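Let me begin by presenting the structure, written as structure tokens, before commenting on it.
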Amino acid sequence: MSGIDDLVRRHLDGTDIGAPEILSPVPGLHVTVVTCMDARIKVFDVFGLKHGEVHILRNAGGIATDDIIRSLAISQRKLETREVIIMQHTRCGMMTITDDEFKDELEADTGLRPPWAVEAFRDVKASVRQSMERVRRSPFVPYRDKVRGFVYDVNTAALEEVLA
């Protein structure tokens, strides 16, 4: 059985009934969380979330890329969010590669060099600061005064705030 088949089976056997009590796509806490796609990060557990409270945007590294800015602009301009959390984490896979190395690998395998930035990093706090600054400087994101950054420790679950 494939991984997707396993997940579909879990859904069919599970207790998910959707969210019929949540009538609006506007998140109740008016917060967007930007974080990494790493499967070790259980965002709902990290922040004690309930369904309908926040928007969660994930990508490799939890980086404020153009697509994250796009989603933040929609979240704020159309769905009433007003605050942003940037949460990256310890032991991130993005710390184990370099931009050039990964682009070289892709080019060798496909014959094409990707036009997008990989955005690998070595210093997670510096990466959080850079993403916070990108959000704060974006003309497309209207609410930039409440942008905060954190590093989540995947070993201990500690959450450390990163000051700008």
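Only the coordinates and a few stated rules stand behind these numbers; no lab work does. These numbers come from a predicted model, not from an experiment. Neighbour counts are summed over all protein chains in view; Cβ atoms, including those assigned to glycine, are modelled from backbone coordinates with ideal geometry.
Data overview
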{"item": "Where only C-alpha atoms are counted, convex hull volume of the chain per residue in Å³", "result": "154"}
{"item": "For segment 21-162, size of Cβ-based charge dipole, Lys and Arg +1, Asp and Glu -1, in debye", "result": "620"}
{"item": "Beta bridges by DSSP in the chain, antiparallel share as percent, to the nearest 5", "result": "20"}
{"item": "Gaussian network model of the chain, Cα within-10 Å springs - most flexible of GLY18, GLY149, GLY48", "result": "GLY18"}
{"item": "Links that overshoot a 24 Å alpha carbon limit, given the list LYS78/LYS125; LYS78/LYS103; LYS50/LYS125; LYS42/LYS125; LYS125/LYS146", "result": "LYS78/LYS125; LYS78/LYS103; LYS50/LYS125"}
{"item": "Gaussian network model of the chain, Cα within-10 Å springs - most flexible of LEU57, LEU72, LEU12", "result": "LEU12"}
